[in-house]
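*Asks:* The following block contains the structure, expressed as C-alpha cells.
What follows is calculated from the coordinates using simple rules that are stated; it is not laboratory data. Bear in mind the structure is a predicted one, so any value in this text is a computation, not a measurement. FYI the Cβ positions are ideal-geometry reconstructions off the backbone, even for glycines, and counts take in every protein chain you see.
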Amino acid sequence: MKTIGEVKLPLRGELRVPGDKSIGHRAVIFASVARGRSRIFNLSTGEDNLRTVEAFKDLGVAIQRDGEVLCVDGKGWDGLCPPRRVIDCGNSGTTMRLLSGVLAGRPFVATLDGDDSLKRRPMQRIIDPLGQMGAQILSQNGKGLAPLEIHGGRLRGIHYVSPVASAQVKSAVILAGLQAEGTTVVEEPQQSRDHTEIMARAFGAEISVRGKSVSVTGGRVLSAREVRVPGDFSSAAFFLVAAAVTPGSIVLVREVGCNATRNGVLEVLRRMGASIEVLNLREEGGEPVADLRVIGGKLKGVEIGPEMVARTIDEYPILAVAGALAEGVTTIAGARELRYKESDRIAVMAGELRKLGVQVEEREDGMIIEGRGRLRGGPVKTYGDHRVAMALAVAGLSAEGGVGIDDSACADISFPGFFELLEGLCRS
Ligand code: S3P
C-alpha cells in the first residue's frame, strides 16, 4: 500500500519523464528487422518496453545495453529465428499486437502470451487483417484471446478498412505489409498515433499517408539508424494535471514528445482553463519535441466528445481526475475503447472516484463527472493498471487525508520512478 498525502502547497520544479513507450516499442522493432547496428537513446526502462526487447532476443536478435544506449544488431527480416519458448508479452498490448504483425510474415510458428490483463484483451482485431494477408493465427479456444499461435509465411498486400481507430491494429498491418507482396493499405475511422509511419520512413520503408489512410510497399530492405526517444507525453500528462489543478504551481516538463496525433489532452486541459505553454518546439527523428510549462489555477468542467478519442486515448484516467477536481460537470463520450485497455478504465475510474466522494454516472461509452474541488481520502484500487495507479496518485494530492493505493508497483509498466518524481515536486 502506497500512501499519497494531500498537498497544501503549490507544486514547483522541473522534471523529465521516461522515454515514450509507443516510440520505444517501434524503435526496438524496426532496429531488429533492419540491417546493421542501430543505437537507441533514452529507451524507457519500463516493463512494457523491456518485453519488446526480450521478445526480439527470443527471436535471435543481438541486443545489448551500452551504458544509456541500447545497441541492436539487426540482420533484416530473415535474421529473425523461430523462438525456443513462448514469448511473454507481459502486460503489453503493443508488444503482442505489433509483434503479431512482424511474425505474420516469418516462415515459422511462434506463440505469444501475456499476463491475466493481456489475456482478456481483444486480439481478433489483428487476427482478422493478418489472416486476410495470409497468416494463420490461432487464439485461445478460437475466441480471439491470447495465447496466440502464429503460423507466419508469405503474405499478400490487402486494402484493410479497420473498424476501430487503433494504432496497434494499423501498425500490425503495416509491419505485415512491409513483408507482403505488393501494396498494403490500411484505413481507419479516425487517425490514430502515427509513430509507426514516422519510424518506418526513418528506417527506409516506402510508406505514404493520405488523411486516415496509410499505404506501404512490401519488400524494401530497412537500414539501421540512431533513434532518440523523446519523453512520453502520456507520462507527462499526470504532471500537467497535478500542476494545473493546484493553484500557484509552476512546473516545467522538459523534452516531451508532442506528436499532434497524441496531444489531445493539451486541448482538453486548455478548454478546462489550464495554462500550459509549449516552449522550444523542435523536431527529432521526425517527431516534434517541446518543453511544457504549466501554471496551476482552477479548472472548469467540459465536454470531451468522440472526436477527441484517438488523440487522447491514454489520458482519460487522468482527465477523469481533472474533471473530478474541476468546477462543474465533465462529460466523456464516444470512448468505449477505454473498456479494452489494461483495465476497463470507464468502470474502474468511475468506481474509484466514487470512493473519493465524487458523483460519477457511468455510461457505456464514457462517464459524467460532477466536479467537487476537494476529494474525500481513503483506500483505492488500481486493478493492476499503471495509468489508473498514477491518476489516483494525482487525485490523492487533493484528497482530504490523502489516498492509499493498493498496488503502486504497476506504475513501473510505463513510468519507473513516477512516485519519487511526484513526491519531489510536492516537497520543492
Ligand atoms: C498504442 C496505441 C493505443 C494506446 C496504447 C499504445 C501504441 O492503443 O492506448 O497505450 O503504442 O500503438 P490502441 O491502438 O489499441 O488504441
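*Asks:* Looking at (1) without any contact (Cβ under 8 Å) to a residue 40 or more places away in the chain; (2) part of a strand (DSSP E or B), can you tell me which one Lys8 breaks?
*Replies:* Among (1) without any contact (Cβ under 8 Å) to a residue 40 or more places away in the chain; (2) part of a strand (DSSP E or B), the lone unmet condition for Lys8 is (2).
*Asks:* Go through Leu130, Leu43 for me and flag whichever is closer than 25 Å to Ser223 by Cα, out of contact with any Cys (no Cβ under 9 Å at 6 or more places or on another chain) and part of a loop (DSSP other than H, G, I, E, B). Please lay out each step first, then the result.
*Replies:* Details: Leu130 fails: part of a loop (DSSP other than H, G, I, E, B).
Just one listed residue meets the conditions, Leu43.
*Asks:* So which residues in region 358-378 are assigned to a loop (DSSP other than H, G, I, E, B), of a type outside the set (Gly, Ala, Ser) and surrounded by 17 or more Cβ atoms within 10 Å (Cβ to Cβ), if there are any at all?
*Replies:* Val358, Arg372
*Asks:* Read through the list (1) more than 16 Å from the ligand (Cβ to nearest atom); (2) surrounded by 22 or more Cβ atoms within 10 Å (Cβ to Cβ), then give the number of the only condition that Glu315 fails.
*Replies:* Here Glu315 clears every test but (1).
*Asks:* If I filter region 232-276 down to residues being among the β-branched types (Val, Ile, Thr) and within 14 Å of Pro317 (Cα to Cα), which single residue comes out as surrounded by the most Cβ atoms within 10 Å (Cβ to Cβ)?
*Replies:* The selected residue is Val241.
*Asks:* Still on this structure, please answer the following. Which residues, counting only those in region 133-164, are touching a helix residue (DSSP H, G or I) at 6+ places or on another chain (Cβ under 7 Å), over 24 Å from Gly90 (Cβ atoms) and not in a loop (DSSP other than H, G, I, E, B)?
*Replies:* Met133, Arg156, Tyr160
*Asks:* Please pick out the residue among Arg374, Arg427 that is closer than 24 Å to Pro10 by Cα and without any contact (Cβ under 8 Å) to a residue 12 or more places away in the chain.
*Replies:* Arg427
*Asks:* Name the one entry in Arg376, Arg363 that is away from the ligand (no atom under 16 Å from the Cβ) and within 19 Å of Ile4 (Cβ to Cβ). Break it down into steps so the answer makes sense when it comes.
*Replies:* Numbers: Arg363 fails: within 19 Å of Ile4 (Cβ to Cβ).
Exactly one residue qualifies, and that residue is Arg376.
*Asks:* Oh, and also: Give the number of residues within region 165-221 that are surrounded by fewer than 22 Cβ atoms within 10 Å (Cβ to Cβ) and assigned to a helix (DSSP H, G or I).
*Replies:* Looking only at that region, the number is 3.
*Asks:* Looking only at region 318-335, how many residues end up being more than 18 Å from Ala347 (Cβ to Cβ) and surrounded by 24 or more Cβ atoms within 10 Å (Cβ to Cβ)? Spell out the reasoning first.
*Replies:* Within region 318-335, the first condition is being more than 18 Å from Ala347 (Cβ to Cβ), and the residues that meet it are 322, 325-329.
Pick out the ones that are also surrounded by 24 or more Cβ atoms within 10 Å (Cβ to Cβ) and you get 322, 325-326.
Going through region 318-335 one residue at a time, the tally reaches 3.
*Asks:* While we're looking at this one, here's another question. Please verify whether Gln124 is within 16 Å of the ligand (Cβ to nearest atom) and surrounded by fewer than 24 Cβ atoms within 10 Å (Cβ to Cβ), treating the condition exactly as stated.
*Replies:* Criteria met by Gln124.
*Asks:* Among the residues of region 135-155, count how many are over 20 Å from Leu118 (Cβ atoms) and surrounded by fewer than 18 Cβ atoms within 10 Å (Cβ to Cβ).
*Replies:* Result for region 135-155: 4.
*Asks:* Name the single residue, out of those in region 5-33 being over 20 Å from the mean Cα position of the chain (by Cα) and crowded, with 24+ Cβ neighbours inside 10 Å, that is farthest from the ligand (Cβ to nearest atom).
*Replies:* Looking at the filtered set, the residue picked out is Leu11.
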